[in-house]
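Scroll down for the structure; my scribbles are underneath it.
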Amino acid sequence: MEKDTLETVAHNAHLKLTEDETDKLHKEFTEVLNYFSLLDEVPVRKVTKLDPVGTAGNVRKDVPGSKINSDEILKGIDTYDGYVRGPRL
């Protein structure tokens, strides 16, 4: 990470960093980003399909329906033509 980038990010985040803090953060961010370069060394293989849970083919039919009695739910609620009334805005 360039030091200019760090200073720009700090400015955008409204952080007032001293020169020592900027130097320290620059060093730490550079170390972290260099550590991520280890991921470039990981062997990569082509994976065409990944299904760790094994859900392929286990799809239910989407059938509309309700096991809840709507009249029971709406009992005691202020309604108008079956719609629940809310407060006026």
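The values are calculated or read from the model by the stated rules, or taken from the named source; none is laboratory data. In this text, all values refer to a predicted model and were calculated from it rather than measured experimentally. Heads up, the Cβs are rebuilt from the backbone with ideal geometry, glycines too, and the neighbour counts pull from every protein chain shown.
Some points to look at:
- Restricting the first member to the stretch 8-35 and to residues that are in contact (Cβ under 8 Å) with a residue 60 or more places away in the chain, and the second to residues that are loosely packed, with under 10 Cβ neighbours inside 10 Å, no beta-carbon pair is closer than 6 Å while six or more apart or on different chains.
- Count - residues of the stretch 22-76 that are under 30 Å from LEU6 (Cβ atoms) and polar (S, T, N, Q): 4
- For the stretch 21-69, the tally of residues that are of a type in the set (Gly, Ala, Ser) and at pLDDT 80 or above stands at 1.
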